[in-house]
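Below you'll find the structure, written out as structure tokens, and then a few comments.
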Amino acid sequence: MTLGMQLLLLQVAIVLTTVVGTGVTAMLLQEHQLREAYQDRMIAVAQSVAGLPAITDAFDDPDPAATIQPVAEVIRRASDVTYVVVANEEGIRYSHPNPDRIGEKVSTDPAIPLSGEIYVGTQTGTLGESWRVKVPIFDDDGNVMGQVSVGILESELRADFLGGLSGLLVALVVAAVIGVLGSAWIGRLIRRRIYGLEPDEIRAMLETREAMLHGIREGLVAVDDNGRIVLMNDAAARLLDVPDPAAVLGARVEDVLDRELARFIASGEDRETPVLSGERVLLVHGDRVRVDGREVGSIAILRDRTELETMLRELEGAQGLAEGLRAQSHEFSNKLHVVSGLLELGHVDAAIAFIERVGSGGALSPLDEHDGIADVETAALVLAKRSRAQELGIALELDPASHLDAAAGDAPRTDLLTVVGNLLDNAIEACVLGGRIALSLRDDLEPGVVLVRVDDDGPGVPAAQRQAIFEPDVTGKAATPGKARRGIGLTIVQRVAARLGGSVSVGESPAGGARFTVRLPWAADAPTSTAARASRAAYSAGTASTPGAVTTQVPR
């Protein structure tokens, strides 16, 4: 049986049960009201007859029936009851619809009215089964001297009851027809709302949906036309750092996701673009959802591009290293030619002096123990960036006072590498041929904190832009061919610092460009000696003396 037929039969059964139950209840109430109305009428008639002086005075006449019978018949016809019977205390009738019954004893027990009480009930008498009322007749001294019995045949009651049912039955039939038609319409409406699917099809679609949502690696976020999240799979929750995807269903998208990603999803644009969410670079493909030609919301497919971006940066560093090696090879060949020429000319002393003068040069000059960078990975990063800068004709200098012990774990080292790498990339892109960059790494100024400072002699950051420079897509650099997006490196730096409870500031560098200063918690234990405290004061003074600095501070 189809779902539509099941719904129709179920609703028809409910409608018919309700209508029949209502009809039976209405009939019972109508029958009760009819009896109540007749009862009130019969009691009123009986009491009025029992209280008439003509009736009570006639009891002393030689022929009471001659006076009582005409009066009782007039009252019977006027009140539309079946009979009005008046009898004395011995039960002898003085009135009856059939005159032949006058003078006979009543056919039912008169004990209750003769005891002074009113009797109401159904009894079978000479006229048949009737609904009757019996009331006592009192003399002037208050003694019972007879009774008045007023009744209506049960057959007449049933006839009146059935006569009043026609309207009720018509109303019930109309209600049943309307209910059945309404049930059929509701069934069609429900079928249309579920696109005509059967329960087995709905179950199969749900199982397939759950398997797909929890099985695919791409994140999936769906938003309805009101901007509320209606779907988020496990991969999307992981990429967006949402602890419980079920808890955000029904929430507005801008209350859950980063502003840039929420705006892109809500727009429903049919394109693919990289979006920064937290510290992740996500490749987001958006589209509108249409069902039967009607737009019902937006959907976004999320792919993590963070690892790809990291690999691209590593590849870029490797390419820069290869270029540096080729340049060094070419430079070394030139030096060998000079040495060869001096030796051929017999200038041995000049050749030795030339070797001593240029022997320590080269694009890949190493960091030694005097540079103060004990963390191997950080030192390797600085070397790679120095090589790239030299290849571009930019001098990258490490502050001789730099000091950095090895990190106690991978997490702080990874965050520091992200910050240093992005700041140096930003400085290299800001400088031109012949530019200079100064890097300072200090973990000996404040216990548990490493201070990173990068100065360059580029164009700097205008004061009006220093608040917005850490927002996504905000950059003062021109577009670079092959680079899909600009303006996310400093945003990542700011978000890493915020997550760790540090701070980021930007101001004017003494070199003429920009100075970026980052304060990060550091797991290494740095000694705080008198010299360290003096260095800290000097470092702080140097930072504080920078005009126009803007700091983004996150409370710890």
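Numbers for the structure displayed
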item: Condition broken by Leu282, with the remaining ones in (1) in contact with an Asp or Glu (Cβ under 7 Å, 6 or more places away or on another chain); (2) loosely packed, with under 14 Cβ neighbours inside 10 Å satisfied; result: (2)
item: Residue within the stretch 406-415 that is in contact with a Ser or Thr (Cβ under 8 Å, 6 or more places away or on another chain), of a type in the set (D, E, K, R), surrounded by 14 or more Cβ atoms within 10 Å (Cβ to Cβ) and outside any helix (DSSP H, G or I) present; result: no
item: Failed item, numbered, when Ala111 is tested on (1) in contact with a strand residue (DSSP E or B) (Cβ under 8 Å, 6 or more places away or on another chain); (2) loosely packed, with under 15 Cβ neighbours inside 10 Å; (3) under 25 Å from Asp57 (Cα atoms); result: (1)
item: Residue in the stretch 446-454 that is without any contact (Cβ under 8 Å) to a residue 40 or more places away in the chain, out of contact with any strand residue (DSSP E or B) (no Cβ under 9 Å at 6 or more places or on another chain) and either farther than 15 Å from Val506 by Cβ or crowded, with 21+ Cβ neighbours inside 10 Å (or both) present; result: no
item: Hits in the stretch 1-39 (condition: acidic (Asp, Glu) and either more than 22 Å from Leu168 (Cβ to Cβ) or at pLDDT below 85 (or both)); result: Glu31
item: Test for Asp60: is it over 60 Å from the mean Cα position of the chain (by Cα), in the same structural domain as Asp139 (by TED's automatic domain parsing), modelled with pLDDT under 85 and not small (Gly, Ala, Ser); result: yes
item: Filter result for Arg228 (over 27 Å from Leu9 (Cβ atoms) and in contact (Cβ under 8 Å) with a residue 12 or more places away in the chain); result: yes
item: Any pair with Cβ under 7 angstrom, 6 or more apart, that starts in the stretch 173-191 at a residue that is farther than 14 Å from Met5 by Cβ and ends at one that is not polar (S, T, N, Q); result: Ala175/Val19; Ala176/Val15; Ala176/Leu16; Ala176/Val19; Gly179/Val15; Gly179/Val19
item: Any hit, the stretch 297-307, residues being surrounded by 18 or more Cβ atoms within 10 Å (Cβ to Cβ), modelled with pLDDT of 80 or more and touching a Ser or Thr at 6+ places or on another chain (Cβ under 7 Å); result: no
item: Scope the stretch 375-405; condition modelled with pLDDT under 85, in contact with a strand residue (DSSP E or B) (Cβ under 6 Å, 6 or more places away or on another chain) and aliphatic (A, V, I, L, M); matching residues; result: Ala379
item: Residues that are crowded, with 18+ Cβ neighbours inside 10 Å and either in contact (Cβ under 8 Å) with a residue 60 or more places away in the chain or charged (D, E, K, R) (or both), drawn from the stretch 63-103; result: Arg76, Val81, Thr82, Tyr83, Val84, Val85, Val86, Ala87, Arg93, Arg101
item: Extreme residue, surrounded by the most Cβ atoms within 10 Å (Cβ to Cβ), among residues of the stretch 132-179 that are β-branched (Val, Ile, Thr) and over 30 Å from Thr22 (Cα atoms); result: Val150
item: Single condition Leu172 does not satisfy, out of (1) in contact with a Ser or Thr (Cβ under 9 Å, 6 or more places away or on another chain); (2) more than 25 Å from Tyr94 (Cα to Cα); (3) at pLDDT 85 or above; (4) hydrophobic (A, V, I, L, M, F, W, C); result: (3)
item: Test: residue in the stretch 109-121 that is modelled with pLDDT under 85 and farther than 18 Å from Glu156 by Cα; result: yes
item: For Pro245: the one exception among (1) surrounded by 12 or more Cβ atoms within 10 Å (Cβ to Cβ); (2) of a type outside the set (A, V, I, L, M, F, W, C); (3) over 17 Å from the mean Cα position of the chain (by Cα); result: (3)
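Quick grid of which residues meet (1) at pLDDT 60 or above; (2) touching an Asp or Glu at 6+ places or on another chain (Cβ under 6 Å):
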| site | (1), (2) |
| --- | --- |
| Gln467 | yes, no |
| Phe470 | yes, no |
| Pro481 | no, no |
| Val506 | yes, no |
| Ala511 | yes, yes |
| Ala526 | no, yes |
| Ser529 | no, no |
| Arg536 | no, no |
| Val550 | no, no |
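Residue-by-condition table, conditions (1) of a type outside the set (A, V, I, L, M); (2) assigned by TED's automatic domain parsing to the domain that holds Val496; (3) in contact with a helix residue (DSSP H, G or I) (Cβ under 9 Å, 6 or more places away or on another chain); (4) in contact (Cβ under 8 Å) with a residue 40 or more places away in the chain:
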site: Val376; (1), (2), (3), (4): no, yes, no, no
site: Gly434; (1), (2), (3), (4): yes, yes, no, yes
site: Ser440; (1), (2), (3), (4): yes, yes, yes, yes
site: Pro459; (1), (2), (3), (4): yes, yes, yes, yes
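The values are calculated or read from the model by the stated rules, or taken from the named source; none is laboratory data. Just so we're clear, the structure is a prediction, and the values are computed from it rather than from any experiment. Virtual Cβ from ideal backbone geometry, glycine too; neighbours counted across all protein chains shown.
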